[in-house]
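The values are calculated or read from the model by the stated rules, or taken from the named source; none is laboratory data. Just so you know, these numbers come straight off a predicted model, no measurement behind them. Heads up, the Cβs are rebuilt from the backbone with ideal geometry, glycines too, and the neighbour counts pull from every protein chain shown.
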Amino acid sequence: MTRPDTLTVQVRYFAALREALGAQQTLQLPAGSTVGDLRQLLLDQSSRHAELLANGRPVRCALNQVMADDSAVLPAGAEVAFFPPVTGG
């Protein structure tokens, strides 16, 4: 059960991140948290997360299927996806 002062988010990983970290995980954060707060929580989770999601790495983020940066505030029940930049040819 989610407490009123927390929110639950679904984190999904794609491409090489999925291979290294798994497909998804569910996390609880304090209400009012941002994508940056979530990223920091993930960085602290394991050395593999820290390596692959570190600031400065070429990793994109989408919040509820809309591109987002670290300042985006997470709504309850959000889906946050992390993926490498996509190139076309």
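Quick notes on this structure:
- Screening the stretch 1-55 for residues that are in contact with a helix residue (DSSP H, G or I) (Cβ under 9 Å, 6 or more places away or on another chain) and among the β-branched types (V, I, T) and picking the one that is nearest to G77 (Cα to Cα) gives V9.
- Flag if D5 is over 10 Å from the mean Cα position of the chain (by Cα), within 22 Å of P84 (Cβ to Cβ) and surrounded by fewer than 17 Cβ atoms within 10 Å (Cβ to Cβ): no
- The stretch 56-89, residues that are out of contact with any helix residue (DSSP H, G or I) (no Cβ under 9 Å at 6 or more places or on another chain) and among the acidic types (D, E): E79
- Against the conditions (1) closer than 17 Å to F14 by Cβ; (2) under 12 Å from the mean Cα position of the chain (by Cα), R57 satisfies every one except (2).
- Filtered residues of the stretch 42-59 (kept if surrounded by 16 or more Cβ atoms within 10 Å (Cβ to Cβ), in contact (Cβ under 8 Å) with a residue 12 or more places away in the chain and not β-branched (V, I, T)): L42, H49, L52, L53
- Within the stretch 17-30, residues that are under 16 Å from S46 (Cα atoms) reach partners that are of a type in the set (D, E, K, R) and part of a helix (DSSP H, G or I) with beta carbons closer than 7 Å, at six or more positions or on different chains, in the pairs A20/R48; L21/R48.
- Filtered by the rule that a residue be within 16 Å of P84 (Cα to Cα) and surrounded by fewer than 16 Cβ atoms within 10 Å (Cβ to Cβ), the stretch 19-41 gives E19, A20, G22, A23, Q24.
- When E79 is tested against (1) at negative phi; (2) modelled with pLDDT of 95 or more; (3) surrounded by fewer than 13 Cβ atoms within 10 Å (Cβ to Cβ); (4) of a type outside the set (K, R), exactly one condition is not met: (3).
- Long-range neighbours under 6 Å by Cβ, at least six apart or interchain, first residue more than 20 Å from T26 (Cβ to Cβ) within the stretch 60-77, second part of a loop (DSSP other than H, G, I, E, B): R60/P85
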